[in-house]
Amino acid sequence: MDLLSSQIPTPLQRLMNAATEKAGVALYIKRDDLIHPTVSGNKWRKLKYNLLEAKARSETAVLTFGGAYSNHLYATAAAGNALGLKTIGIVRGLELENKENATLQFCRERGMQLHFVTREEYRQRNSKDYLKHISNRFDRPYLIPEGGTTALALKGVAEMVYEVRDQLGSLPDFIATAVGTGGTAAGILSAGANALAFSALKGGDFLRDDISELLNECKTPGNLALLTDYHFGGYAKWNNELLAFMQDFRAEFGIQLEQVYTAKMFYGLFDLIQKGYFKAGTTVVAVHTGGLQGLIRV
Ligand SMILES: *Cc1c(COP(=O)(O)O)cnc(C)c1O
């Protein structure tokens with residue numbers, strides 16, 4: 001299936017500027033944004049084994065959860081469509097039912113059935129009873145939680161780490177990622193690498209527990225450094241300083257970031273580099289997790 005084999009391994013590129021030179025840090029970017037033109041980055045990594053499992057079980061439909069701008073819903077719609085799986089998206093916010101946006105329109109065009117629920121109902125998305133109810137209601141589809149974050153997701157993300165190891169010849173000192181649910185960070189740790197995890201949410205300290213829960217079965221995870229001060233006001237919030245940083249980054253390196261996840265991570269990473277967080281000689285690989293469907297153009 002072309003969707004599951006395109007553009008792998010993704011390129012690993014060195015990023016050098018005055019700050020990295022001064023600090024003696026070897027910084028690389030893992031271009032998971034180039035995985036696929038529509039299904040970007042970590043959502044592809046996280047969906048891969050979930051969808052292969054659904055296919056292996058001869059499931060005909062998958063159901064998952066997300067907000068109205070969700071990269072995960074977008075990726076699930078595209079990947080499900082390519083794999084011949086029916087997709088159902090439970091969308092947070094009943095009030096959005098009659099408000100179209102580009103993400104939801106794309107999902108519909110790929111055949112995703114959208115079902116809008118109140119925020120209170122959405123909050124139950126991980127409760128057992130609720131999942132039983134929703135499963136019955138939609139004819140027992142294969143269930144994938146919000147963000148695609150499952151044990152199978154970790155396996156897909158671990159493959160990204162193995163690519164990095166092969167490309168560099170050894171594991172870097174740190175692999176940096178932006179964090180929403182923590183699935184990507186947990187996947188990095190599950191492969192034995194140390195993760196620098198930049199929370200895209202306000203009050204992200206709870207992510208430490210979520211990530212360690214995801215690593216329940218893992219005997220030798222890497223070390224987690226969770227950075228919670230680069231959220232720019234909270235999830236899907238940003239300011240002009242962040243947008244200016246994105247523009248500077250593009251001018252300097254020719255790479256487009258987006259304002260919800262990847263710009264916050266790189267902003268934080270360069271801040272840490274400038275503050276002397278890393279010893280000279282440290283190697284850091286930062287994952288461009290994609291998400292460019294949600295970019296606001298500035
Ligand atoms: C979803 C997403 C993340 C966060 O991934 P989690 O595994 O949920 O922590 C990071 N970057 C981008 C571009 C995303 O779409």
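Mind checking the angle between helix 71-83 and the chain's longest principal axis? C-alpha axes, 0 to 90 degrees, to the nearest 10.
60 degrees
Taking a label point 7 Å from the Cα of Ile296 along the Cα→Cβ vector, which residues of region 213-234 have an amide N closer than 16 Å to it?
What the label zone holds, given the 16 Å backbone N cut-off, is 231-234.
Of Ala178, Ala280, Ala77, which is the most mobile in a GNM of the chain whose springs link Cα atoms less than 10 angstrom apart?
Of Ala178, Ala280, Ala77, the most mobile in the Gaussian network model is Ala280.
Is it possible to state the helix-based mean residue ellipticity at 222 nm for the chain, with each DSSP H run of 4+ residues giving -39500 (n - 2.57), the sum divided by total residues, to the nearest 500 deg cm²/dmol? What is it?
Details: 11 runs with 119 residues, N = 298.
Calculated from helices alone, the mean residue ellipticity at 222 nm is -12000 deg cm²/dmol.
Show me the three semi-axes of the equivalent ellipsoid for region 79-236, from the C-alpha gyration tensor (sqrt of 5 times each eigenvalue), largest first, rounded to whole Å.
Whole-Å semi-axes of the equivalent ellipsoid: 31, 19, 16.
From the square roots a ≥ b ≥ c of the eigenvalues of the alpha-carbon gyration tensor of region 41-148, which class results: rounded (a/c under 1.5), prolate (a/b over b/c), or oblate?
It comes out oblate by the Cα gyration axes.
Quickly rank 123-135, 251-263 as a protection proxy: mean count of other C-beta atoms within 10 Å, highest first.
251-263, 123-135
Normalised by the residues of the chain, what does the relative contact order come to in percent, with Cα pairs under 8 Å and at least six apart?
Rounded, it is 23 percent for the chain.
Which cross-chain or sequence-distant (5 or more) residues have an amide H under 5 Å from the amide H of Tyr235, H modelled 1.01 Å from N in plane?
Lys202
Could you tell me what percent of the DSSP beta bridges with both partners in the chain are antiparallel, to the nearest 5? Please report the intermediate quantities before stating the final value.
Numbers: 4 of 34 bridges.
Expressed as a percentage, antiparallel bridges in the chain total about 10.
If you count, for each residue, the other Cβ atoms within 10 Å and average over each peptide, how do 147-158, 211-222 line up from highest to lowest?
Highest-to-lowest ranking by the protection proxy: 147-158, 211-222.
Sorted by mean Cβ packing within 10 Å, highest first, what order do the peptides 45-55, 11-21 take?
Output ranking for 45-55, 11-21: 45-55, 11-21.
Skip the ligands, DNA and RNA, and give the accessible area per residue of the chain with a 1.4 Å probe, whole Å².
Here the residues of the chain average 45 Å² of exposed surface.
Carbon and sulfur atoms: what percent of the 1.4 Å accessible area of region 41-148 do they account for?
44 percent
First measure r as the distance between the Cβ atoms of Lys202 and Leu131, then evaluate 1/(1 + (r/R0)^6) with R0 = 30 Å and state the FRET efficiency to the nearest 0.05. Please list the in-between numbers first.
Working: r = 27 Å, r/R0 = 0.91.
According to the calculation, E is roughly 0.65.
Given springs between every Cα pair under 10 Å in a Gaussian network model of the chain, which of Arg208, Arg137, Arg31 has the largest fluctuation?
Arg137
Counting only the heavy atoms of the protein chains, how much of His115 is accessible to a 1.4 Å probe, in Å² to the nearest 10?
In the full protein context, His115 sits at about 30 Å².
Which ³J(HN,Hα) values, rounded to whole Hz and listed in residue order, are derived for region 92-108 from phi using the Karplus coefficients 6.51, -1.76 and 1.60 in 6.51 cos²θ - 1.76 cosθ + 1.60 with θ = phi - 60°, glycine and proline given as x?
6, x, 4, 5, 8, 3, 9, 10, 7, 9, 5, 5, 5, 5, 4, 4, 4
Give the long-range amide H neighbours of Ile88: residues separated by 5 or more places, or on another chain, with amide H under 5 Å away, using H modelled in the peptide plane at 1.01 Å from N.
Val62, Leu63, Thr64, Gln113
In the structure shown, do any of Lys155/Lys275; Lys99/Lys202; Lys46/Lys237; Lys86/Lys128 have a Cα-Cα gap over 30 Å, and if so which?
Beyond 30 Å between Cα atoms: Lys155/Lys275.
When the dipole is taken about the Cα centre of region 41-148, and only Lys, Arg (+1) and Asp, Glu (-1) are charged at their Cβ, what size is it in debye, to the nearest 20?
360 debye
Residue by residue through region 20-30, what is 3J(HN,Hα) from phi via Karplus (6.51 cos²θ - 1.76 cosθ + 1.60, θ = phi - 60°)? Round to whole Hz and write x for glycine and proline.
Listing the rounded values in order: 5, 5, 4, 7, x, 9, 8, 10, 10, 10, 8 Hz.
In whole angstrom, note down how far apart the Cα centers of region 40-76 and region 164-191 are.
Between the Cα centre of region 40-76 and that of region 164-191, the gap is 21 Å.
The values are calculated or read from the model by the stated rules, or taken from the named source; none is laboratory data. None of these values were measured; they are calculated from a predicted model. Please note: Cβ atoms are built from the backbone with ideal geometry, for glycine as well, and neighbour counts cover all protein chains shown. In case anyone asks, the SASA skips ligands and DNA or RNA and just uses the protein heavy atoms, side chains included. Shrake-Rupley method; radii C 1.70, N 1.55, O 1.52, S 1.80 Å.
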